[in-house]
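Asker: One structure coming up, written as structure tokens, with questions to follow.
The values are calculated or read from the model by the stated rules, or taken from the named source; none is laboratory data. All values reported here derive from a predicted model rather than from experimental measurement. Here Cβ is always computed from backbone atoms with ideal geometry, including for glycine, and neighbour counts include all displayed protein chains.
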Amino acid sequence: MGADPMNQTETGTTSIRIASPGHAAFAATMVGMGVLGLVQGKFTPTWFGIPKGFPAREALAYLCAIISLLSGIGLLLRRTSAAASRLLLGCLLVWLVLVRAINILRAPASLDAWWGSGDTALMTAAALVLYVWFAENREGERPGFATGDKGLRIARVLYGLALIPFGVAHFLNLEGTASLVPGWLPGHMAWAAVTGAAFIAAGLAVLTGVFARLAASLSALQMGLFTFLVWVPIVTTGHPNAFQWGEIVDSWVLTAGAWVVADSYRGIPWFALKTR
């Protein structure tokens, strides 16, 4: 496992706990998602997937918003960061199994079902990394399940698996992806294909541990570039619809989650052939 971020960024006098830049961005993003969900009364990205007509659907949307808000705030506080990471991890695992996996079983050929599963798997990976970092109890001991090196390995596998559907989606909707490439870049179809291949290659690199830190960092950077080069111009220069607003939020949420996973590789060489 890489160098312990707790030993690098915390002081003994502050009540704020910032383990890494990705952690700070992720926690702030969860707070923002919680506020957005409470204001709109709708499911925000990561919590999509509940069909219309589901009993108490609106109440569940508010519950997800509250979980996002409380976990985001809790992740930033020393006394509550461990509990907040457990809360978020548990809820995302339930969502991944009971919502995303069931949607795939119901519609295995649906691109949206696979994309949604990748979305939640990525966020679950980020929550697991934070759970590993914050899992000490009062005696300084770590519980045995999904912590330490084992926990990080599980998180990285989830992240690697999440990236592959993103890349496949680019190829299945190559023309639609190409239409989003900024106009000042030539070769839109080529960019759509290259970014899709980059997601798949990064996922495989993370899963195998070959150049894993480089792959995780570059995939997070790619998501961030999508946010600022594709979606920000769309929502700032025109009249974005609800779908486009949702996409910019989702793009940033995924960037924040990917940033956390990339931070988990600190201390590992960029070109290591095997992650230990």
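Asker: Among (1) out of contact with any Pro (no Cβ under 7 Å at 6 or more places or on another chain); (2) surrounded by fewer than 21 Cβ atoms within 10 Å (Cβ to Cβ), which single condition is Thr44 missing?
Answerer: (2)
Asker: So in the stretch 54-77, with the set limited to residues that are under 20 Å from the mean Cα position of the chain (by Cα) and not hydrophobic (A, V, I, L, M, F, W, C), which one is surrounded by the fewest Cβ atoms within 10 Å (Cβ to Cβ)?
Answerer: Top of the filtered list is Gly72.
Asker: A further question on this structure: Just need a number here: residues in the stretch 79-130 that are over 18 Å from the mean Cα position of the chain (by Cα) and under 22 Å from Met223 (Cα atoms).
Answerer: 1
Asker: Inside the stretch 197-276, counting only helices (runs of 4 or more DSSP H) that do not spill past its ends, which hold 2 or more residues that are closer than 18 Å to Ala169 by Cα and out of contact with any Phe, Trp or Tyr (no Cβ under 6 Å at 6 or more places or on another chain)?
Answerer: 212-225, 242-263
Asker: Here is a check on your reading of the model: is Ala193 over 30 Å from Thr237 (Cα atoms) and either aliphatic (A, V, I, L, M) or at pLDDT below 85 (or both)?
Answerer: No, not satisfied.
Asker: Over 23 Å from Gly32 (Cα atoms) and either touching a helix residue (DSSP H, G or I) at 6+ places or on another chain (Cβ under 6 Å) or in contact (Cβ under 8 Å) with a residue 60 or more places away in the chain (or both) - does that describe any residue in the stretch 113-128?
Answerer: yes
Asker: Next question, about the same structure. What residue, among those in the stretch 155-210 that are aromatic (Phe, Trp, Tyr) and under 30 Å from Leu93 (Cβ atoms), is surrounded by the fewest Cβ atoms within 10 Å (Cβ to Cβ)?
Answerer: Among them, the one singled out is Phe171.
Asker: Moving to a separate point now. Filter the stretch 195-234 down to the residues that are of a type in the set (Val, Ile, Thr), over 19 Å from the mean Cα position of the chain (by Cα) and within 24 Å of Ala125 (Cβ to Cβ) and list them by number.
Answerer: Thr208, Val210 - these are the residues of the stretch 195-234 that are of a type in the set (Val, Ile, Thr), over 19 Å from the mean Cα position of the chain (by Cα) and within 24 Å of Ala125 (Cβ to Cβ).
Asker: Considering the stretch 244-276 alone, what residues qualify as being hydrophobic (A, V, I, L, M, F, W, C) and more than 19 Å from the chain's Cα centre (by Cα)?
Answerer: Within the stretch 244-276, Ile268, Trp270, Phe271, Ala272, Leu273 qualify.
Asker: Would a scan of the stretch 41-56 turn up a residue that is of a type outside the set (Gly, Ala, Ser) and at positive phi?
Answerer: yes
Asker: Please verify whether Leu229 is hydrophobic (A, V, I, L, M, F, W, C), over 30 Å from Lys274 (Cβ atoms), surrounded by fewer than 17 Cβ atoms within 10 Å (Cβ to Cβ) and modelled with pLDDT under 95, treating the condition exactly as stated.
Answerer: Yes: the conditions hold for Leu229.
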